[in-house]
Amino acid sequence: MSFRFPNEFLWGGATAANQIEGAYRADCKGLSTSDVQPFGSFGELIGRQEGDFNIKDTAIDFYHRYPEDIALFKELGFTCFRLSIAWSRIFPKGDELLPNELGLAYYDNIFDELEKYDIIPVVTLSHYEMPLHLADQYKGWRSRSLIEFFERYARVVFTRYGHRVKHWLTFNEINITLHEPFTGSGVPRDSTPQQLYQAIHHQLVASAKAVKACHDLSPDSKIGNMMLGAIQYPLTSHPDDIFEAMQQNREWLFFGDVQSRGYYPSYMMRKFKQLGVTLEISAEDSESLKETIDFISFSYYMTGCVSSHKKTHILDEKMLKMGSNPYLKTTEWGWQIDPKGLRIVLNLLYERYQKPLFVVENGLGAVDILNGNGEIEDDYRIDYLNDHLYQVGEALQDGVEVMGYTCWGPIDLVSASTAQMSKRYGFIYVDRDDKGLGSLNRKRKKSFYWYQGIIESKGELLTAPSE
Ligand code: BG6
C-alpha cells in the first residue's frame, strides 16, 4: 500500500480477563458470571462444584505468565494493548463498599510491565463478565442498584490507575444483551423485552456515570463505548429490504446514539411502543446520560444480509443469526468474511457520530496445525488480517479518523462463544487443547513476523486484496 498510517495510530491486540487470566479464585477474586459458563457465552449455565472443569479457570494462565506475554507483544511492535479488568477481582461480590487490595495490586503489576515497554494500555471496565453475586442476588442489570455498584467500581479504578491509563472503554459489546442477556448483563435468559430494555437502560446510565467519573478523576483520559459492529445489508434492492436492514442496524447503532448524543433516538420510542415497553427513566437518569463518550469503539468480524420478503439462510444459529450473502465466504465457524464491510462501517460510524473511531477487535478464529517442523504457517490468518487492515487504510484515506486497531486475541485464548482453545486467533500459539491438556508454552506463528512487519512499516507492507 503506498499509504502510511499516521504516526499516532495505535497498533496492538485485544483480550478479555476471563479468556486469558485463569487464576479464577486467586487473591480473593470472587466468582464471575463467566465462571458459570464453561460451555461458552451461548451455552448452558452451571452451578460451581468443587473439582469441576471450566477451561477458563486456567485459560492461558496470563495471570502468572504476563511478563513473557507482554515481552512478546513488545517484540511484535505493539504500541498499545487492550485488556479488561475483572470486576470480580476488585469487588469480589460487587456490592461491597471497599475494594480488594490484592486485585488492585495485580493490575498495578500489569501496568508496570506495559509501562516498561512503552505499551499504552486500553482498558475495558467490563468484558462479558460481572461478579456472579450480582446476577444471583439482583438479577444482574435488571436491578437499578447496579448503577451505584458499577460507578463505585469505576471510581476506584480511575482513582488507582487514572494517572497511567489514558484510554478506557465502558462495556464490551454493550449491544450483546439483546442476543445473549446473561453474558451481556447477568440477567436471566428468559427476561421479557420490558426487563431487558430496563436492564440496558441501567447499563447506559452506568456507562454515562463512568464517563463522568473518568472525566472528573482523570481529565486527560479518553473514554469510549464499545459496540458489536455487525452490519446487515439488504438482500435485494426492494425498498422493504432496505428498510429492514436499516431497522436491524439500528438495533446496535441505538447504543452508540445514546452514548454519543446523550438521549434516546426517536425511532427507539416508536419501537418501545410497539413492544409494549415502558422504561423507567428518572430525571436524574436523563441528566446522567448527557455525559457522552469521547470516541466510538467497536468489534468487527462479519456482516449479514436481511430481507423482509425472502427467507435468508441463517449462519451460525447460536450466534448473531446473520443471513448469508452469496458474495462472501465464511470462516470454519460460519462467520461471514467481509473486509470491505469494515471500510463501510468505519465510514458509516464516522458520518453518524463525527467522533474518533477505534477498531478494538477483528480477527480470524481458525484451527492451527503444527507442521512437521513444529511450526504454524497460518497464511489464512495473514490474508484475513491483511485484507481487513487494508480497508482501514482506505477508510483513513476517506478521511475517517481512526485512532487505532487492536486485532482480537494476539495470543491464542479461550473462545468466548464456544469456550474452545482450538478456535485460535493469535500470532502467538499457546500449547493447550480443548480438554485443557498441554504445556501452556508459547510459540511464534508465521503471522507473528507478518504483523511485526506491518506495524514497523506503518501499514506500507499491506497488499491490495485479491478479488
Ligand atoms: C467478541 C468478544 O464478540 O468476539 C470477544 O468481545 C470474543 O470476547 C470475540 O472472544 C471472538 O468470539 P469467539 O467466540 O470466537 O471467541
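Here, each number is a calculation from the coordinates, and none is a lab measurement. Here the structure is a predicted model, which is why all the values come from computation and not from measurement. Using ideal geometry, Cβ is built from the backbone for each residue, glycine included, and neighbour counts are taken over all protein chains shown.
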Under Karplus coefficients 6.51, -1.76 and 1.60, residue-wise ³J(HN,Hα) of region 268-278 in Hz, glycine/proline x: 6, 4, 5, 4, 4, 4, 5, 7, x, 9, 10
In range of the label at Asp240: residues from region 269-313 whose backbone nitrogen is under 11 Å from the point 7 Å along Cα→Cβ: 307-311
Cα coordinate range in the chain, projected on the principal axes (Å, largest first): 62, 57, 43
Dipole of the chain, positive end: most advanced residue of Cys407, Cys305, Gly40 [Cβ charges, Cα centre]: Cys305
Nonlocal amide H pairs with Tyr233, under 5 Å, H built at 1.01 Å: Gly304, Cys305, Val306
Lys/Arg +1, Asp/Glu -1 at C-beta; region 10-456 dipole; positive extreme among Val211, Ser286, His167: Ser286
Cα-based reach from Lys310 at 13 Å (exclusive), listing aspartates and glutamates while leaving out same-chain residues under 8 positions away: Asp240, Asp241, Glu244
Theoretical ellipticity at 222 nm over the chain - DSSP helices of four or more residues, -39500 (n - 2.57) apiece, nearest 500: -12000 deg cm²/dmol
Global form of region 50-119, assessed from the alpha-carbon gyration tensor, a/c cut-off 1.5: oblate
Too-long pairs where the Cα-Cα distance tops 28 Å, listed order kept, from Lys56/Lys139; Lys74/Lys423; Lys116/Lys445; Lys340/Lys443: Lys340/Lys443
Proximal aspartates and glutamates to Lys209, defined as alpha-carbon separation beneath 13 angstrom and excluding residues fewer than eight positions away on the same chain: Glu148, Glu151, Glu284, Asp285, Glu287, Glu291
Residue-by-residue Karplus 3J(HN,Hα) for region 339-355, coefficients 6.51, -1.76, 1.60, Hz, glycine and proline x: x, 4, x, 5, 5, 5, 5, 4, 5, 4, 5, 5, 5, 6, 10, 6, 10
Top positive-direction residue, dipole computed over region 10-456 with Cβ charges, set Asn441, Phe358, Leu346: Leu346
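Taking every pair of alpha-carbon atoms in region 322-467, give the share separated by more than 28 Å as a whole percent.
Cα-Cα pairs of region 322-467 separated by over 28 Å account for 23 percent.
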Dipole in debye (nearest 20) - region 10-456, about Cα centre, beta carbon charges: Lys, Arg +1; Asp, Glu -1: 700 debye
Lysines whose Cα lies under 21 Å from that of Lys271, excluding same-chain neighbours fewer than 8 positions away: Lys321
